[in-house]
Amino acid sequence: MALVKVATLDNLKPGEARTVIVSGKEIALYNVSGKIFATTNACAHEQGPLGQGSLEDNVITCPLHGWQFDVETGSCRTVPGLKIETYRVEVRGKDILVDV
Ligand code: FES
């Protein structure tokens with residue numbers, strides 16, 4: 001695991017989600033009221049791009065069929081017990097770093 005700079009706070013405003021590619025992995029980033037979280041970009045249903053979903057508080061809704069996940073824990077709200085991978089995030093100044 002290594003901390004890699006993936007974005008800055010200037011391009012991830014509160015309430016926004018986006019997809020970044022780090023070391024060949026697609027990661028979804030989320031800004032929940034100024035706190036940054038990261039999960040795999042691939043929805044547990046059919047690999048939909050979670051970084052293009054809609055974020056409300058700490059819940060991302062997949063743009064394909066609407067499954068929902070808690071971006072902090074990775075827990076699926078639609079299918080209890082299911083989880084997606086989460087990554088540790090560090091913010092240094094304006095830089096967002098993810099442990100991948
Ligand atoms: S791929 Fe995400 S809900 Fe179907």
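By the gyration tensor of its Cα atoms, with a ≥ b ≥ c the square roots of the eigenvalues, what is the shape of the range 11-56: rounded for a/c under 1.5, prolate for a/b over b/c, or oblate? Oblate, because a/c is 1.5 or more while a/b does not exceed b/c. What the phi angles of the range 14-31 give under the Karplus curve with 6.51, -1.76 and 1.60, with θ = phi - 60°, is a coupling list of x, x, 9, 10, 7, 9, 10, 10, 10, 6, x, 9, 8, 10, 9, 10, 9, 10 Hz, glycine and proline written as x.
Is the C-alpha gyration tensor of the chain telling us rounded, prolate or oblate? Criteria: a/c under 1.5 is rounded; beyond that, a/b larger than b/c is prolate, otherwise oblate. Judged from the Cα gyration tensor, the chain comes out prolate (a/c at least 1.5, a/b above b/c).
Taking 55, 82, 29 in turn, the Gaussian network model of the chain (Cα-Cα springs below 10 Å) assigns the largest fluctuation to 82. By definition, a body whose alpha carbon gyration tensor gives a ≥ b ≥ c is prolate when a/c is 1.5 or more and a/b is larger than b/c, and the range 61-100 fits this prolate description.
Excluding residue 98 itself, calculate the net charge of residues whose Cβ lies under 13 Å from the Cβ of residue 98, where each Lys or Arg counts +1 and each Asp or Glu counts -1. List each step's numbers first, then the result.
Working: positive: 5, 18, 25, 88, 92; negative: 26, 85, 90, 95, 99.
Summing Lys/Arg as +1 and Asp/Glu as -1 gives 0.
For the pair residue 54 and residue 82, label points projected 7 Å from Cα toward Cβ lie 2.0 nm apart. Label reach from residue 33 (point 7 Å along Cα→C-beta): in the range 1-22, amide nitrogens under 17 Å belong to 13-17. In a Gaussian network model over the chain where Cα atoms closer than 10 Å are linked, find which of 32, 59, 22 has the largest mean-square fluctuation. Maximum fluctuation in the GNM of the chain, among the listed residues, is at 22. Under a Gaussian network description of the chain, with springs only between Cα atoms under 10 Å, the residue in 51, 66, 81 that fluctuates furthest is 81. What is the sum of charges, Lys and Arg at +1 and Asp and Glu at -1, for the other residues whose Cβ falls under 14 Å from the Cβ of residue 77? Residues near residue 77 contribute -3 overall.
Modelled label positions at residue 26 and residue 72, each set 7 Å beyond Cα in the direction of Cβ, lie 2.7 nm from each other.
Close Lys pairs in the range 3-99, defined as Cα atoms under 18 Å apart and 8 or more places apart or on different chains, number 8.
Each reported figure results from applying straightforward, stated rules to the coordinates on display, with no laboratory input. Computed from a predicted structure; not experimentally measured. Note that each Cβ is placed from the backbone with ideal geometry, even for glycine, and that neighbours are counted across all protein chains shown.
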